[in-house]
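Chemist: Can you keep this structure in mind? I'll have questions shortly.
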Amino acid sequence: MSDSGDSKGPASRPEEASGRLLSLDALRGFDMFWIVGADAVVRAWAKTTSWGPAQVAARQVDHADWAGFRFYDLIFPLFVFVVGVSLVFSLSRWVERGGRGRAVRRVVQRFLLLYLLGIVYYGGVSESWERIRLLGVLQRIGLAYLAAGLLFLFCGWRVRLAVTAGLLIGYWALMTFVPVPGVGAGDIAEGRNLANWIDQQYLPWRKWDGTHDPEGLLSTLPAIATCLLGVFAGNWLRDGRFSGSGKAVSLVLAGVVMVALGWLWSLQFPVIKKIWTSSFVLVAGGYSAVLLGVFYWVIDVAGVRRWAMPLVWIGMNPIAIYVIHSWVNLPGLARRLVGGPVQQAMGVYGNLLGAVVALGLCFWICGFLYRRRVFLRL
């Protein structure tokens, strides 16, 4: 990591001490920024005006109904991609300190904690067995981390590349050529495709979309490929033979190529987040690589860091703020502070004020934890 005048001071000491890539923490924080309230701010802003760009922005912070790609469809795969980048650095340190066996135990332990936290996050056993959601966002992150982590520890880059290609091509082949009873082969419409049918037949208990789940069984396979794309990016960043600028440019170029290939593939296998199609993996992975390259060049190569510190606050405690945002109900707390007569006095800007305050509370919590060096790890 390069040093610069505007990066010095108390706010940057944790990263300097640990040798972390500040850009990676900032990118993770940028991703979480949208989950914990920036999306609500954009939607509330769009309701205050008929200005075209505001309406376009509001549309982009919502998911595509089925086929297609909007900015908000990038948020989840970007996090999975960043998990892949991060594990290269974290598991390499575990291997250096305690050997591969200790690193394997770390991978399995973290997977189990993420999986169990995911079950608790979606309600656990608060209602009935049938309401337990076995697969969800945190569970998918855990499964992708487990598979990519073990492949990183036991396999070389050629094997990992072959596995990634096999997952993407194999998933495409299954979705294209395996017939769904009563439907036939190659139908990718919602509720009629193979991934949805497998969830309906073999995924027990609660499914997010009724009969199927966007984080379902079969679509977990290409999600592992998304994490492996992050592993390739992480290995590239750790390679000491190349300059920081060269790494950043290569990431951006590789990302552009993946986006182009993904959209080309979409002519036959559409980009669909809800079933994590192979074309979706390439498009989302490409955009993720571009963002990583830009963040890495600006923050770690050019050394322009101060602007990114609020994102780093969030990025250093991503799982903690994700759970807090859901369980503490920060939008509800914001209404207690600026709701009722305050929002009424603000008129059409009342909801926007509430959304901004809720997002501000997220920053305050993360900044509070950061300044006290409280980093909740799984």
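The values are calculated or read from the model by the stated rules, or taken from the named source; none is laboratory data. As the structure is a computational prediction, the values presented were derived from the model and not from experiment. Counting neighbours? That spans all protein chains shown, and the Cβs are built from the backbone with ideal geometry, glycine included.
Chemist: Do we have any residue at all in region 187-201 that's surrounded by 12 or more Cβ atoms within 10 Å (Cβ to Cβ), modelled with pLDDT of 95 or more and farther than 30 Å from Trp129 by Cα?
Modeler: Within region 187-201, one or more residues are surrounded by 12 or more Cβ atoms within 10 Å (Cβ to Cβ), modelled with pLDDT of 95 or more and farther than 30 Å from Trp129 by Cα.
Chemist: If you don't mind, there's one more thing I want to ask. Is it the case that some residue within region 362-378 is more than 22 Å from the chain's Cα centre (by Cα), farther than 25 Å from Val120 by Cβ and crowded, with 17+ Cβ neighbours inside 10 Å?
Modeler: Within region 362-378, none of the residues are more than 22 Å from the chain's Cα centre (by Cα), farther than 25 Å from Val120 by Cβ and crowded, with 17+ Cβ neighbours inside 10 Å.
Chemist: Collect the residues in region 202-212 that are in contact (Cβ under 8 Å) with a residue 60 or more places away in the chain and under 21 Å from Ala64 (Cα atoms), keeping them in residue-number order.
Modeler: Passing the criteria: Lys207, Trp208, Asp209.
Chemist: State yes or no: is Thr176 of a type in the set (S, T, N, Q), surrounded by fewer than 24 Cβ atoms within 10 Å (Cβ to Cβ) and assigned to a loop (DSSP other than H, G, I, E, B)? Before you say what the answer is, go through the steps one by one.
Modeler: Details: of a type in the set (S, T, N, Q): yes; surrounded by fewer than 24 Cβ atoms within 10 Å (Cβ to Cβ): yes; assigned to a loop (DSSP other than H, G, I, E, B): no.
No.
Chemist: Next up: Right, Arg20: of a type in the set (Lys, Arg), under 17 Å from Phe295 (Cα atoms) and either loosely packed, with under 15 Cβ neighbours inside 10 Å or modelled with pLDDT of 95 or more (or both) or not?
Modeler: Criteria not met by Arg20.
Chemist: Can you find even one residue in region 213-222 that is touching a strand residue (DSSP E or B) at 6+ places or on another chain (Cβ under 8 Å) and not in a loop (DSSP other than H, G, I, E, B)? Before the answer, list the steps.
Modeler: In the first step, residues of region 213-222 are kept if they are touching a strand residue (DSSP E or B) at 6+ places or on another chain (Cβ under 8 Å); the result is none.
Checked against the condition, which is being touching a strand residue (DSSP E or B) at 6+ places or on another chain (Cβ under 8 Å) and not in a loop (DSSP other than H, G, I, E, B), region 213-222 yields no hits at all.
Chemist: Let me ask something additional. Any residue in region 248-268 that is in a loop (DSSP other than H, G, I, E, B), of a type outside the set (Lys, Arg) and in contact with a helix residue (DSSP H, G or I) (Cβ under 7 Å, 6 or more places away or on another chain)? Talk me through it step by step, then tell me what you get.
Modeler: So the first thing to find is which residues in region 248-268 are in a loop (DSSP other than H, G, I, E, B), and the list is 266-268.
Then keep just the ones that are of a type outside the set (Lys, Arg); that gives 266-268.
Applying the additional criterion that residues be in contact with a helix residue (DSSP H, G or I) (Cβ under 7 Å, 6 or more places away or on another chain) yields 266.
Checking region 248-268: at least one residue is in a loop (DSSP other than H, G, I, E, B), of a type outside the set (Lys, Arg) and in contact with a helix residue (DSSP H, G or I) (Cβ under 7 Å, 6 or more places away or on another chain).
Chemist: While we're here: So the check is Cβ under 9 Å with 6+ separation or different chains; which pairs have a first residue in region 87-102 that's more than 15 Å from Gly234 (Cβ to Cβ) and touching a residue at least 24 places away in the same chain (Cβ under 8 Å) and a second one that's surrounded by fewer than 16 Cβ atoms within 10 Å (Cβ to Cβ) and of a type in the set (Phe, Trp, Tyr)?
Modeler: Hits for this filter: Arg100/Phe154.
Chemist: I would also like to ask the following. Any chance you could count how many residues in region 322-359 are in contact with a helix residue (DSSP H, G or I) (Cβ under 6 Å, 6 or more places away or on another chain) and farther than 30 Å from Phe375 by Cα?
Modeler: Number of matching residues: 5.
Chemist: Could you check how many residues of region 222-242 are in contact with a helix residue (DSSP H, G or I) (Cβ under 8 Å, 6 or more places away or on another chain), farther than 13 Å from Val290 by Cα and either free of Cβ contacts under 8 Å to residues at least 12 places away in the same chain or of a type in the set (Gly, Ala, Ser) (or both)?
Modeler: Filtering region 222-242 down to residues in contact with a helix residue (DSSP H, G or I) (Cβ under 8 Å, 6 or more places away or on another chain) leaves 222-239, 242.
Going one step further and asking which of them are farther than 13 Å from Val290 by Cα, we end up with 222-228, 231-232, 234-239, 242.
Those still in the list that are either free of Cβ contacts under 8 Å to residues at least 12 places away in the same chain or of a type in the set (Gly, Ala, Ser) (or both) too: 223, 225, 234, 239, 242.
So the count comes out to 5.
Chemist: Give just the number: which of (1) closer than 28 Å to Val290 by Cα; (2) without any contact (Cβ under 8 Å) to a residue 40 or more places away in the chain; (3) not β-branched (Val, Ile, Thr) does Glu215 not satisfy?
Modeler: Against the list (1) closer than 28 Å to Val290 by Cα; (2) without any contact (Cβ under 8 Å) to a residue 40 or more places away in the chain; (3) not β-branched (Val, Ile, Thr), Glu215 comes up short only on (2).
Chemist: May I ask you to list the residues in region 41-62 that are among the small types (Gly, Ala, Ser) and surrounded by 14 or more Cβ atoms within 10 Å (Cβ to Cβ)?
Modeler: At the first step, the residues of region 41-62 found to be among the small types (Gly, Ala, Ser) are 44, 46, 50, 52, 54, 57-58.
Listed by number, the residues that qualify are Ala44, Ala46, Ala54, Ala57, Ala58.
Chemist: Would you confirm, using the coordinates I've provided, whether Asp199 is free of Cβ contacts under 8 Å to residues at least 40 places away in the same chain, touching a helix residue (DSSP H, G or I) at 6+ places or on another chain (Cβ under 9 Å) and among the charged types (D, E, K, R)? Outline the logic, then answer.
Modeler: Details: free of Cβ contacts under 8 Å to residues at least 40 places away in the same chain: yes; touching a helix residue (DSSP H, G or I) at 6+ places or on another chain (Cβ under 9 Å): no; among the charged types (D, E, K, R): yes.
The answer is no for Asp199.
Chemist: Go over the candidates Val41, Val56 one by one and state the one that is in a helix (DSSP H, G or I) and touching a helix residue (DSSP H, G or I) at 6+ places or on another chain (Cβ under 6 Å).
Modeler: Val41
Chemist: Sticking with this one: Quick one: which residue in Leu253, Leu261 is touching a Ser or Thr at 6+ places or on another chain (Cβ under 9 Å), more than 18 Å from Val83 (Cβ to Cβ) and either crowded, with 20+ Cβ neighbours inside 10 Å or not hydroxyl-bearing (Ser, Thr, Tyr) (or both)?
Modeler: Answer to the check: Leu261.
Chemist: Scan Arg158, Arg106 and give me the residue that is surrounded by fewer than 20 Cβ atoms within 10 Å (Cβ to Cβ), farther than 25 Å from Ser266 by Cα and either β-branched (Val, Ile, Thr) or touching a helix residue (DSSP H, G or I) at 6+ places or on another chain (Cβ under 7 Å) (or both).
Modeler: Values: Arg158 fails: either β-branched (Val, Ile, Thr) or touching a helix residue (DSSP H, G or I) at 6+ places or on another chain (Cβ under 7 Å) (or both).
From the options Arg158, Arg106, the qualifying one is Arg106.
Chemist: Checking the conditions here, which among Arg140, Arg206 is buried (at least 16 other Cβ atoms within 10 Å of the Cβ), out of contact with any strand residue (DSSP E or B) (no Cβ under 8 Å at 6 or more places or on another chain), of a type outside the set (Val, Ile, Thr) and assigned to a helix (DSSP H, G or I)?
Modeler: Arg140 is the lone residue from the list that is buried (at least 16 other Cβ atoms within 10 Å of the Cβ), out of contact with any strand residue (DSSP E or B) (no Cβ under 8 Å at 6 or more places or on another chain), of a type outside the set (Val, Ile, Thr) and assigned to a helix (DSSP H, G or I).
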